[in-house]
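First comes the structure, then the notes that go with it.
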Amino acid sequence: MKASKAIIKCLEKENVDILFGYPGGAVLPLYEALRESDIKHVLVRNEQSLVHYASGYAREKNRTGVCIATSGPGATNTITGIATAYLDSIPIVIITGQVNTELIGTDAFQEADIKGATEPFTKHNYLVKNAEDIPRIIKEAFFIANSGRKGPVLVDIPRNVQEAEITFKYPEKVDILGYKPTFKGHAGQIKRIINKIKASKKPVIYAGGGIILADARTELREFAEMTGIPVINSLMGIGGMSQESTLYAGIVGSHGYQYSNEIIARTDLLITIGARMSNRAAAGFSKLNPNIEFIHIDIDPAEIGKNVEFTLPIVGDAKLILQALIEKDLHMDFSQWLEEIEEIRNIYPVSLEMQPGCIKMNPKEIINELSLEMKDDSCLVADVGQNQIWSALYFKVFGERKFITSGGLGTMAYSLPAAAGMKMANPERQVVNVMGDGSFQMCLGELAVVRENNIGIKIILINNTKLGMVRGLQHDCYGKDNYFGVDLEFQVNFVKLAEAYSIKGYEVEDMESFRKVLHEVLENDEPCLIQCNVDPNFRTF
Amino acid sequence: MKRYVLSLLVENNSGVLSRIAGLFARRCFNIDSLTVGTTEDETLSRMTIVVIGDEQILEQIKKQLNKLIEVIKVIELTPNESISRELVFIKVKADNSTRSNIIEISNIFRANIVDVAHDSLILELTGGPDKIGAFMKLMEPFGVLEFIRSGATGLQRGSTVLNETK
Ligand SMILES: Cc1ncc(C[n+]2csc(CCOP(=O)(O)OP(=O)(O)O)c2C)c(N)n1
């Protein structure tokens with residue numbers, strides 16, 4: 001069998017139903033094989049968005065997303081997407097074409113060392129030199145991407161290798177000497193965790209994206225409710241704990257709620273599950289609270305002790321460890337602590353107030369309105385910038401709702417392709433995409449994909465004609481009115497732009513019109529864009 | 001800051017060296033020396049890496065190395081439970097007045113003379129960092145023209161082996 005055909009066969013064996021791609025010379029054989037396959041191919045408009053589509057798909061299905069790009073510029077265009085997926089631990093397999101093996105190293109046309117370039121932010125990557133290795137390598141790539149600490153895996157395949165003849169046999173099992181992730185938590189450590197909780201007066205669970213990746217939401221809630229321990233989320237952890245629960249205690253970090261940070265300042269035991277204690281979220285923990293004791297539960301041993309020294313580490317899968325903890329049947333009474341938390345909440349209330357002196361729309365209210373109107377099993381996909389913070393803070397996630405965003409790398413223009421990828425993975429889900437006018441202009445070509453494939457996402461464009469987040473930082477760092485290079489001066493007519501892609505566009509400048517439009521568009525499953533005009537001086541907090 | 005010697009068993013793939021070197025550079029770990037060579041199993045290579053750091057950095061280095069798919073095993077070669085040596089070639093100035101002096105010192109250190117010219121000698125010495133350091137110091141007054149140190153390479157003492165699949 002032609003190796004190119006074998007590659008597609010491997011993807012079929014991995015139950016790939018959709019893949020995102022952008023062709024070129026070095027993947028011609030692969031596209032020819034794809035032509036004869038039942039896998040749906042989605043032609044994106046820029047490889048910059050390619051991996052984000054697959055990321056949205058993966059985060060919806062909890063399965064590995066797949067994409068294909070050609071050699072050279074095609075491959076290098078995917079780099080930001082790969083790094084984005086790497087920092088958020090999203091399972092993705094990226095297949096790139098490469099120049100013929102005999103040309104490698106000669107600076108041939110469209111040759112780029114994508115394996116070397118992506119080494120720092122792939123979980124693993126391969127350059128296939130021998131076509132017979134293809135089935136094993138693809139099997140390994142899928143296994144590595146979606147097990148242990150998940151992440152992107154790149155497979156670079158030279159064109160002549162794609163054209164070789166091989167005997168196809170898909171391996172049943174994977175056996176990689178150097179890759180044996182730990183899933184089950186150490187029984188002794190489980191016991192020690194229980195003892196630590198028993199000795200604690202003010203424990204808090206700090207739950208990160210690992211809860212969602214491990215599909216451990218039910219277990220987290222059960223454990224929290226059983227023990228009566230409140231739960232705080234990181235940005236990536238949003239949705240891991242139902243925000244309807246009385247034990248939900250907000251979002252922490254430099255962009256979290258003030259009350260949540262205050263809770264951290266008063267806890268005596270922080271039980272971290274599937275969060276990597278990044279500088280943005282957790283740098284201040286020890287400073288906020290020098291007496292804090294840490295438990296760290298993570299699938300990746302290297303995360304433990306990397307940023308914070310931990311008193312009690314346990315390596316394993318969050319779901320399995322939570323199950324083991326639940327089995328211990330620990331019932332505690334932390335009512336006094338919960339009362340204190342209630343008081344803290346009252347001291348630092350979350351407010352939707354309009355910023356005095358600002359005109360046009362209140363972005364906090366926009367997100368709040370989405371929260372009220374969107375379905376209980378909908379998803380909000382937030383971009384990066386002020387819009388991300390507003391989305392994170394004012395969209396309530398409960399039931400089957402989801403919230404996804406680029407947390408680790410903070411990649412602008414993540415949200416539109418990710419929302420589209422998610423909606424394609426599950427057309428039943430209502431998907432709303434909140435972005436800034438800056439981010440939108442980085443990826444607007446993807447509107448064609450949205451239209452072409454009838455992807456019914458709703459784009460809420462928070463239009464402040466500025467790179468709002470950076471502008472705010474300039475204000476904070478260098479003083480009032482010391483802005484530079486953050487004006488998106490030319491006011492694009494986004495409504496007309498949407499219409500150019502046959503996507504319905506609306507422009508609103510007050511809440512009442514917004515409510516009306518939103519109500520109307522949430523009734524149908526058509527893509528649309530709502531341009532919401534917001535005062536450029538509206539500050540993040 | 002201390003000096004630690006790590007012994008690694010890795011898959012013998014092209015690119016694995018770049019992956020490991022890249023990891024050290026990216027994470028700002030200090031590498032003192034790195035040697036790679038073949039093993040009894042041709043699909044595997046063994047590396048000896050000398051790193052400078054403290055206990056916490058060492059822990060992170062080991063964990064980050066272990067995360068690399070092609071790294072099969074990482075252990076620390078502690079001075080008591082392992083042996084490690086490096087090799088050095090030193091080219092020193094030597095004329096009729098100094099040559100015998102140099103040879104005498106070399107004999108005490110069991111260094112070999114591997115090249116003789118009318119105005120220089122190349123000496124070869126194996127040993128730990130202390131022995132090599134002491135020897136180099138003694139050679140300095142004669143005029144060291146150039147030298148190359150191989151970096152440490154080592155094994156655990158006793159019958160335990162890194163490759164447990166054996
Ligand atoms: C690809 C990329 N480039 C630059 C940045 C730095 N950055 C962070 S937020 C931001 C402003 C985003 O502006 P906009 O999309 O209009 O959103 P707003 O902050 O106004 O809501 C920028 C430039 C980034 N995060 N990602």
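Structure data summary
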read-out: Sole exception among (1) over 22 Å from A:ALA420 (Cβ atoms); (2) open to solvent by 20 Å² or more (accessible area, probe 1.4 Å) for A:ILE8, by number; value: (2)
read-out: Enumeration of residues in region A:467-490 that are surrounded by 13 or more Cβ atoms within 10 Å (Cβ to Cβ) and either of a type in the set (Gly, Ala, Ser) or more than 17 Å from A:GLN386 (Cβ to Cβ) (or both); value: A:GLY468, A:GLY472
read-out: Among the residues listed as A:ARG192, A:ARG159, the single one being in contact (Cβ under 8 Å) with a residue 12 or more places away in the chain and crowded, with 17+ Cβ neighbours inside 10 Å; value: A:ARG159
read-out: Looking only at region B:31-57, and only at residues there that are within 11 Å of chain A (Cβ to nearest Cβ) and of a type in the set (A, V, I, L, M, F, W, C), the one that is nearest to A:TYR126 (Cα to Cα); value: B:LEU44
read-out: Filter pass, A:ARG35 being out of contact with any helix residue (DSSP H, G or I) (no Cβ under 9 Å at 6 or more places or on another chain) and either in the same structural domain as A:LEU154 (by TED's automatic domain parsing) or under 20 Å from A:ILE144 (Cα atoms) (or both); value: yes
read-out: Counted residues, region A:53-72 - those being surrounded by 24 or more Cβ atoms within 10 Å (Cβ to Cβ), polar (S, T, N, Q) and within 19 Å of A:GLY148 (Cβ to Cβ); value: 2
read-out: First in region B:23-50 and touching a residue at least 12 places away in the same chain (Cβ under 8 Å) and within 13 Å of B:LEU9 (Cβ to Cβ), second anywhere and charged (D, E, K, R) and surrounded by 13 or more Cβ atoms within 10 Å (Cβ to Cβ), Cβ under 9 Å, 6 or more apart; value: B:VAL36/B:ARG46; B:GLY37/B:ARG46; B:THR38/B:ARG46; B:THR39/B:ARG46; B:THR43/B:GLU11; B:LEU44/B:GLU11; B:SER45/B:GLU11; B:ILE49/B:ASP32
read-out: The lone exception for A:PRO23 - which of (1) within 15 Å of A:VAL449 (Cβ to Cβ); (2) open to solvent by less than 40 Å² (accessible area, probe 1.4 Å); (3) of a type outside the set (Asp, Glu); (4) over 25 Å from the mean Cα position of the chain (by Cα) it fails; value: (2)
read-out: Flag if A:LEU393 is more than 14 Å from chain B (Cβ to nearest Cβ) and either assigned to a helix (DSSP H, G or I) or away from the ligand (no atom under 16 Å from the Cβ) (or both); value: yes
read-out: Counted residues, region A:341-361 - those being in contact (Cβ under 8 Å) with a residue 12 or more places away in the chain and charged (D, E, K, R); value: 2
read-out: Complete set of residues in region A:464-489 that are touching a strand residue (DSSP E or B) at 6+ places or on another chain (Cβ under 8 Å) and more than 8 Å from the ligand (Cβ to nearest atom); value: A:THR465, A:ASP487
read-out: Selection from region A:108-138 of residues that are surrounded by fewer than 17 Cβ atoms within 10 Å (Cβ to Cβ), within 20 Å of B:SER18 (Cα to Cα) and of a type in the set (S, T, N, Q); value: none
read-out: Some residue of region B:75-92 being under 19 Å from A:PRO301 (Cα atoms) and either crowded, with 16+ Cβ neighbours inside 10 Å or out of contact with any strand residue (DSSP E or B) (no Cβ under 9 Å at 6 or more places or on another chain) (or both); value: yes
read-out: Search result, residues across region A:165-179 that are within 14 Å of another protein chain (Cβ to nearest Cβ) and open to solvent by less than 30 Å² (accessible area, probe 1.4 Å); value: A:ILE176, A:GLY178, A:TYR179
read-out: Residue check for A:GLY399: near the ligand (Cβ under 8 Å from one of its atoms) and outside the structural domain of A:ASN261 (by TED's automatic domain parsing); value: no
read-out: Residue in region A:416-436 that is away from the ligand (no atom under 15 Å from the Cβ), in a strand (DSSP E or B) and β-branched (Val, Ile, Thr) present; value: yes
read-out: Selection status of B:GLU86, of a type outside the set (Gly, Ala, Ser), more than 12 Å from chain A (Cβ to nearest Cβ) and touching a Lys or Arg at 6+ places or on another chain (Cβ under 8 Å); value: yes
read-out: Selection within region A:366-390 - acidic (Asp, Glu) and either under 17 Å from the mean Cα position of the chain (by Cα) or assigned to a strand (DSSP E or B) (or both); value: A:ASP383
read-out: Test for A:ARG515: is it over 26 Å from A:ALA54 (Cβ atoms) and within 11 Å of the ligand (Cβ to nearest atom); value: no
read-out: Pairs where the first residue, in region A:383-394, is closer than 14 Å to A:LEU461 by Cβ and the second is more than 10 Å from the ligand (Cβ to nearest atom), C-beta under 6 Å, 6+ apart; value: A:GLN388/A:THR405; A:TRP390/A:LYS364; A:TRP390/A:ILE367; A:SER391/A:ILE367; A:SER391/A:LEU380
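The values are calculated or read from the model by the stated rules, or taken from the named source; none is laboratory data. Bear in mind the structure is a predicted one, so any value in this text is a computation, not a measurement. Positions of Cβ are generated from backbone atoms using ideal geometry, with glycine treated the same way; all protein chains shown enter the neighbour counts. Calculation scope for accessible area: heavy atoms of the full protein, side chains included, ligands and nucleic acids excluded. Shrake-Rupley method; radii C 1.70, N 1.55, O 1.52, S 1.80 Å.
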